[in-house]
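Peer 1: Dropping the structure in here first, questions after.
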Amino acid sequence: MKKLFLIAVAMLATLSVSAQSAPGTFSLKPMVGATLSSVRGSDTDGVKMKFGLVAGAEGIYQVSDMFALSGGLLYSMQGFKTDTSLDLKMNTEYLNIPILANIYVAQGLALKAGVQFGLLTKAKAKGKYGNIEEDIDIKDQMKSLDLSIPVGVSYEINNSFTIDARYNFGLSKIAKDDDHHYDYTAKAYNSVFMLTLGYKFDM
């Protein structure tokens with residue numbers, strides 16, 4: 001989390017002042033970037049972050065000079081890995097639908113928070129058991145819907161390019177029940193950091 005926000009702050013420090021869209025306008029913002037994902041919970045000792053990609057688009061309605069609403073559809077590669085003897089890597093993919101309130105604290109600089117609905121599209125577990133390596137499809141053991149709270153900050157450059165740093169705090173257990181085959185997912189919740197670059201078009 002600290003690394004992502006430090007990178008965002010460093011970028012902001014080199015930019016000139018910019019302004020957001022005029023009130024009453026609607027914008028479309030394609031975006032692409034990276035995720036650092038993991039899980040949090042009572043049985044997640046040894047879990048490490050995993051790198052992934054994120055891409056999609058958001059629509060933004062500028063309600064006033066200080067407030068905007070946004071909604072989007074983002075493809076996100078998530079999961080985690082471990083440093084245990086299993087050398088387990090969990091690869092999950094979601095179609096995420098974030099709905100955010102954007103509060104502008106300065107020209108072009110917005111704090112954001114809201115709710116996000118994630119639709120699971122893929123879930124595979126890859127690990128070693130002795131000399132045997134397995135790559136198992138476990139989508140049927142995982143919940144198809146993931147609910148989370150996204151919070152973050154974004155900065156608009158000349159009302160076009162947007163740098164967005166965000167953390168998604170999972171509220172839903174990712175597995176269907178506590179008797180899941182993998183202890184790491186039995187009582188686990190998604191924990192995802194996201195850094196993206198977008199380009200905004202006023203419609």
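Peer 1: May I ask you to list the residues in the range 41-68 that are surrounded by 19 or more Cβ atoms within 10 Å (Cβ to Cβ), aliphatic (A, V, I, L, M) and modelled with pLDDT under 95?
Peer 2: Result: VAL47, single match.
Peer 1: Considering every residue within the range 125-142, establish whether at least one is among the hydrophobic types (A, V, I, L, M, F, W, C) and under 30 Å from MET203 (Cβ atoms). Talk me through it step by step, then tell me what you get.
Peer 2: Taking the range 125-142 and keeping what is among the hydrophobic types (A, V, I, L, M, F, W, C), we get 125, 132, 136, 138, 142.
Now narrow it down to the ones that are under 30 Å from MET203 (Cβ atoms): none.
Scanning the range 125-142, I find no residue that is among the hydrophobic types (A, V, I, L, M, F, W, C) and under 30 Å from MET203 (Cβ atoms), so the answer is no.
Peer 1: Can you name every residue in the range 71-91 that is modelled with pLDDT of 95 or more and either open to solvent by less than 10 Å² (accessible area, probe 1.4 Å) or outside any strand (DSSP E or B) (or both)?
Peer 2: LEU74, SER76, GLN78
Peer 1: Here's something else I'd like to know. Is at least one residue of the range 126-133 in contact (Cβ under 8 Å) with a residue 24 or more places away in the chain, crowded, with 18+ Cβ neighbours inside 10 Å and part of a strand (DSSP E or B)?
Peer 2: Looking only at the range 126-133, we keep the residues that are in contact (Cβ under 8 Å) with a residue 24 or more places away in the chain, and these are 126-129.
From what's left, crowded, with 18+ Cβ neighbours inside 10 Å: 127.
Next, only the ones that are part of a strand (DSSP E or B) stay: 127.
Within the range 126-133, one or more residues are in contact (Cβ under 8 Å) with a residue 24 or more places away in the chain, crowded, with 18+ Cβ neighbours inside 10 Å and part of a strand (DSSP E or B).
Peer 1: Let me spell it out: the conditions are (1) closer than 17 Å to SER76 by Cα; (2) touching a residue at least 60 places away in the same chain (Cβ under 8 Å); (3) surrounded by fewer than 18 Cβ atoms within 10 Å (Cβ to Cβ), and GLN107 meets all of them except one. Which number is the exception?
Peer 2: It fails just one condition, (1).
Peer 1: Take the residues in the range 176-195 that are buried (at least 23 other Cβ atoms within 10 Å of the Cβ) and either in a strand (DSSP E or B) or within 14 Å of the chain's Cα centre (by Cα) (or both); name whichever of them is modelled with the lowest pLDDT. It would help to see each step written out before you state the result.
Peer 2: Going residue by residue through the range 176-195, those that are buried (at least 23 other Cβ atoms within 10 Å of the Cβ) are 184-185, 188, 190, 192, 194.
Now restrict to residues that are either in a strand (DSSP E or B) or within 14 Å of the chain's Cα centre (by Cα) (or both): 188, 190, 192, 194.
Values: ALA188: 87, ASN190: 95, VAL192: 97, MET194: 98.
If we take residues in the range 176-195 being buried (at least 23 other Cβ atoms within 10 Å of the Cβ) and either in a strand (DSSP E or B) or within 14 Å of the chain's Cα centre (by Cα) (or both), then ALA188 is modelled with the lowest pLDDT.
Peer 1: Given the structure, is LEU95 at pLDDT 95 or above, among the hydrophobic types (A, V, I, L, M, F, W, C), open to solvent by 70 Å² or more (accessible area, probe 1.4 Å) and part of a strand (DSSP E or B)?
Peer 2: So LEU95 fails the test.
Peer 1: Scan the range 134-154 for residues that are within 17 Å of the chain's Cα centre (by Cα) and open to solvent by less than 70 Å² (accessible area, probe 1.4 Å) and jot them down. Explain how you work it out, then say what you get.
Peer 2: To start, the set of residues in the range 134-154 that are within 17 Å of the chain's Cα centre (by Cα) comprises 144-154.
Selection gives ASP146, LEU147, SER148, ILE149, PRO150, VAL151, GLY152, VAL153, SER154.
Peer 1: Which count do you get for residues in the range 155-175 that are farther than 14 Å from THR92 by Cβ, in a strand (DSSP E or B) and open to solvent by 40 Å² or more (accessible area, probe 1.4 Å)?
Peer 2: Taking the range 155-175 and keeping what is farther than 14 Å from THR92 by Cβ, we get 155-167, 169, 171.
Subset that is in a strand (DSSP E or B): 155-157, 161-167, 169, 171.
Narrowing the set further to residues that are open to solvent by 40 Å² or more (accessible area, probe 1.4 Å) leaves 161, 169, 171.
Looking only at that region, the number is 3.
The values are calculated or read from the model by the stated rules, or taken from the named source; none is laboratory data. Predicted model, so just to flag it, every value in this text is computed and none were measured. Because the Cβ atoms are built from the backbone with ideal geometry, glycine has one as well, and the counts that use them run over all protein chains shown. Just so you know, the surface numbers come from the protein's heavy atoms only, side chains and all, with ligands and any DNA or RNA stripped out. Shrake-Rupley method; radii C 1.70, N 1.55, O 1.52, S 1.80 Å.
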